[in-house]
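Q: Got a structure for you, written out below as structure tokens; questions coming shortly.
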Amino acid sequence: MAVPAPLELPEAQRAALEAAYAVPPRAYHHFGHVQAVLGHWAEVAAGPGWRQPRETYLAVLYHDAVYAPGRRDNEARSAALACEHIARWLPEAGLDAGRVAALIGLTARHGQLAPQDVDAEAALFLDCDMAILGAEPAAFDAYDRAIAAEYRGHVPGWLFRLHRRRFLKGLLARERIFLSGFFHERLDAQARANLRRVLNARR
């Protein structure tokens, strides 16, 4: 059963959001990625549930709205855009914009956090974004190629490969790839298989 969105964005807000995801052109972090993460958001909504469904929904919508490969402030700028849009188009909705911004900010620390570092809801939100790691091999490989394509022309190839391998190797070495039990139980084995396969191929 489809899970309905917990709030409807005004048409002008949605248009501005989708325009943000179109600039610059992206191979992975485009609005299609958001829609995929929303699918995982809906799985949580239908399963353990969200305490703050509207805030987590908005955090998914805006978490990569500003994205320039190699920049360190993408998450902070995405969070600022979310707050700006909430203030402009949803001022009377009673939303916790600070929570939305905080969730988006946490995505800058993917691969660095342990379950005890975040609350249960933040763990689920972050795992929604990282669920691609536990996708079927073809989907994971398409994601991996798309990330490389985004960085091409922005970062020297050797440097990208060095940092990418270090990131993936670090994920595989972690006791927990997924922070929540909900995602850990379903996706950990496939995620580890994907990571081992791609790392072995790059030796």
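Here, each number is a calculation from the coordinates, and none is a lab measurement. Quick caveat: nothing in here was measured; it's all calculated off a predicted structure. Because the Cβ atoms are built from the backbone with ideal geometry, glycine has one as well, and the counts that use them run over all protein chains shown.
Q: Which of ALA142, ALA22, ALA108 ends up with the largest GNM mean-square fluctuation for the chain, with Cα atoms connected below 10 Å?
A: Of ALA142, ALA22, ALA108, the most mobile in the Gaussian network model is ALA142.
Q: Select from ALA193, ALA42, ALA123 the residue whose mean-square fluctuation is largest in a Gaussian network model of the chain (Cα-Cα springs shorter than 10 Å).
A: In this elastic network of the chain, the residue with the biggest mean-square fluctuation among ALA193, ALA42, ALA123 is ALA193.
Q: Test of understanding: in a Gaussian network model of the chain with alpha carbons linked when under 10 Å, which of ARG77, ARG54, ARG174 would top the mean-square fluctuation ranking?
A: Taking springs between Cα atoms under 10 Å, the residue moving most is ARG174.
Q: LEU199 to ALA22: FRET efficiency via 1/(1 + (r/R0)^6), r the Cβ-Cβ distance, R0 30 Å, to the nearest 0.05?
A: Rounded to the nearest 0.05, the efficiency is 0.40.
Q: Could you give the length gained on full extension between ALA5 and ARG176, defined as 0.36 nm per residue of separation minus the Cα-Cα distance, in nm?
A: The ALA5-ARG176 span can extend by a further 58.6 nm.
Q: What is the angle, in °, between the Cα long axis of helix 97-106 and the longest principal axis of the Cα atoms in the chain? Nearest 10 is fine, range 0 to 90.
A: The angle comes out at about 0 degrees.
Q: Same structure again: What number does the range 69-184 give for Rg over Rh if you use C-alpha atoms and the Kirkwood radius?
A: On the way: Rg = 16.2 Å, Rh = 16.0 Å.
Rg divided by Rh gives 1.01.
Q: Expressed in nm to one decimal, what extension gain is obtained for the pair ASP96 and LEU113 from 0.36 nm per residue of sequence separation less their Cα-Cα distance?
A: Value of the extension gain: 3.8 nm.
Q: Now a separate question. Report the FRET efficiency, 1/(1 + (r/R0)^6), for GLN190 and TRP89, where r is their Cβ-Cβ distance and R0 is 45 Å, rounded to 0.05.
A: The calculated FRET efficiency here is 0.70.
Q: Of (1) 46, 40, 30; (2) 41, 39, 31; (3) 54, 38, 31, which one was derived for Cα extents along the principal axes in Å from the structure shown?
A: Only one option fits the structure, namely (3).
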